[in-house]
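Student: Pasting a structure here, questions to come.
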Amino acid sequence: MQIFLDNIVFTIQQAGGVSVYWYELLQGMCNAGLAVNFLNAGLNPSNIFEQQLDYRRHPCIRESWIPPKYLRYLPLQYTLPPNAVFHGGYLRVSPQKDIVNIMTVHDFAHERKLATPFPRGLANIRQKAYGIKRADGIICISDNTRKELLHFYPDVNPAKLKVIHHGIADTFFPLQKSADAAPALPAGVTSPYILYVGGRNNYKNFSIALDAVSLLPPPYKLVIAGGGTWTKQEHLLAEEKLRDRYVVIPHVCPSTLNTLYNYAWCLLYPSSYEGFGFPPGEAMKAGCPVVATNCTSIPEVTGNAGLLTTAITATAFAEKILLLENGIFRQQIIQAGLTQARSLTWQKSVRETIRFYKDCWNNKFSL
């Protein structure tokens, strides 16, 4: 069973959740001793995950001279050997009938009009529809994504769908805070603080996070990590709602993020839509309580360890945050989070993916 993995996602973004998933999957495949071939390898060395891959151990194929910004929307242009397995890194499938097409579906934000507007949103929807129709096996990264797929594409055979949750990287773990060598917090960050991680676009409900912290007693501050460069409007909004009670760290490396999780009072994750949602899993693995919404995939990630609210309001989040002032309850939540995080490993995700490849191959080619 020859496996061909499409690395075009690394040409699309410098970082991001899909890049994390694809990087971890490639690492696992490389370590499993399988016959792995890479397509579109090494075209964008600025991607922070592709930089960490050692392509020398496996055949690397340049699929086409078509620029990646166009190629990403096209079916695979390279002819694969018969009976091969092709797994597209981002919604792509091969038009060949004599191979196994595996596709990963992350979410339906475009279909719900929560992501990129026209025309890119329409291109994403059409590409996804084509892939879902052609795929022999479809990996859904959460049960919520599986349910949404069957909602938007009710004619799909449920038997070709497989839920495989993401793992959480081992770069997130509890620190020995009393040790002399314990990492220091970034400049300007002091406890107690609420941590907000990631994007700030519409369904992430960043404004509600600001309002929630404004309802807390003055010692509490908000630390906003990641999500890229701030706009002038975002600065004005934060200043209006919190004045000097917030710190912005627009770009954060994994080790610094782990430190932030470790010392945070909690992670506040008010997002109303996620295909999976890495920050709650990362926080739990680092021993940080999670306050979040009871929406989409988030309950799958947090299990019984999250302080989840159905009402997406500042008051509801503030009430959950203040529950953590009970020291015994706080420790119970932290321990529950550590237990839940142990079930989310990349080793398990890769193992289930390889098994799915074999099942799909056997279903198509075994007599």
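Only the coordinates and a few stated rules stand behind these numbers; no lab work does. Here the structure is a predicted model, which is why all the values come from computation and not from measurement. Reconstructed Cβ throughout: ideal geometry from the backbone, glycine too, with neighbour counts over all protein chains shown.
Student: With springs only between Cα atoms under 10 Å apart, run a GNM on the chain and tell me which of Gln176, Gln127, Gln14 wobbles the most.
Tutor: Greatest mean-square fluctuation among the candidates belongs to Gln176.
Student: Okay, moving on. Identify the trypsin sites (Lys or Arg not before Pro) of region 226-270 meeting these criteria: DSSP loop state and at most 15 other C-beta atoms within 10 Å of the C-beta.
Tutor: Sites meeting the loop and neighbour criteria: Arg243.
Student: Quick one: Karplus J couplings for region 19-35, per residue in order, coefficients 6.51, -1.76, 1.60, θ = phi - 60°, nearest Hz, x for Gly and Pro?
Tutor: Karplus-based 3J(HN,Hα) across region 19-35 equals 5, 4, 4, 5, 4, 5, 5, 4, 4, x, 5, 4, 8, 8, x, 8, 7 Hz.
Student: Can you sort Thr79, Thr309, Thr353 by how many other beta carbons sit within 10 Å, fewest first?
Tutor: Numbers: Thr79 11, Thr309 18, Thr353 21.
Listing Thr79, Thr309, Thr353 from fewest to most nearby Cβ atoms yields Thr79, Thr309, Thr353.
Student: Here's a follow-up. Arranged from highest to lowest average of other beta-carbon atoms within 10 Å per residue, in what order do the peptides 109-121, 17-29, 269-281, 315-327 appear?
Tutor: Going from most to least packed, we get 269-281, 17-29, 315-327, 109-121.
Student: So for the chain, taking the charge dipole from beta-carbon charges (+1 Lys/Arg, -1 Asp/Glu), which of Ala238, Phe10, Pro289 sits furthest toward the positive end?
Tutor: Phe10
Student: Determine the alpha carbon to alpha carbon distance for each of Lys97/Lys160; Lys133/Lys348; Lys160/Lys364; Lys128/Lys348 and list only those over 18 Å.
Tutor: Pairs exceeding 18 Å: Lys133/Lys348; Lys128/Lys348.
Student: Could I ask something else about it? With P(r) over Cα pairs in 10 Å bins from 0, in percent as the read-out, I listed [x] 5, 23, 32, 24, 13, 4, 0; [y] 5, 23, 34, 27, 10, 1; [z] 5, 25, 35, 23, 9, 2, 0; which label goes with the value calculated from this structure?
Tutor: Of the listed options [x] 5, 23, 32, 24, 13, 4, 0; [y] 5, 23, 34, 27, 10, 1; [z] 5, 25, 35, 23, 9, 2, 0, [x] comes from this structure.
Student: Between Glu240, Glu282, Glu352, where does the largest GNM mean-square fluctuation fall for the chain, given springs only between Cα atoms within less than 10 Å?
Tutor: Per the Cα network of the chain with a 10 Å cutoff, Glu240 tops the list.
Student: To the nearest 0.05, how large is the calculated FRET efficiency for His235 and Tyr73 if R₀ is 41 Å and r is the Cβ-Cβ distance?
Tutor: Taking R0 as 41 Å, the efficiency between His235 and Tyr73 is 0.70.
Student: Let me ask something else about it. So what J values fall out for region 70-77 if you push phi through Karplus, 6.51 cos²θ - 1.76 cosθ + 1.60 with θ = phi - 60°, rounded to Hz, Gly and Pro as x?
Tutor: Couplings: 9, 4, 4, 9, 9, x, 3, 8 Hz.
Student: A follow-up question, please. How big is the charge dipole of region 193-341 about its Cα centre, in debye rounded to the nearest 20, if each Lys and Arg gets +1 on its Cβ and each Asp and Glu gets -1 on its Cβ?
Tutor: The calculation lands at about 140 debye.
Student: Over the chain, with a Gaussian network built from C-alpha contacts below 10 Å, which listed residue (Val291, Val252, Val85) shows the highest mean-square fluctuation?
Tutor: Val252
Student: List the aspartates and glutamates whose Cα sits under 19 Å from the Cα of Lys241, skipping any in the same chain fewer than 8 residues away.
Tutor: Of all the aspartates and glutamates, those that pass the test against Lys241 - Cα under 19 Å, at least 8 places apart if same chain - are Asp211, Glu319.
Student: If the chain between Leu114 and Ile312 were fully stretched, how many nm would it gain, using 0.36 nm times the residue separation less the Cα-Cα distance?
Tutor: Here the answer is 69.6 nm.
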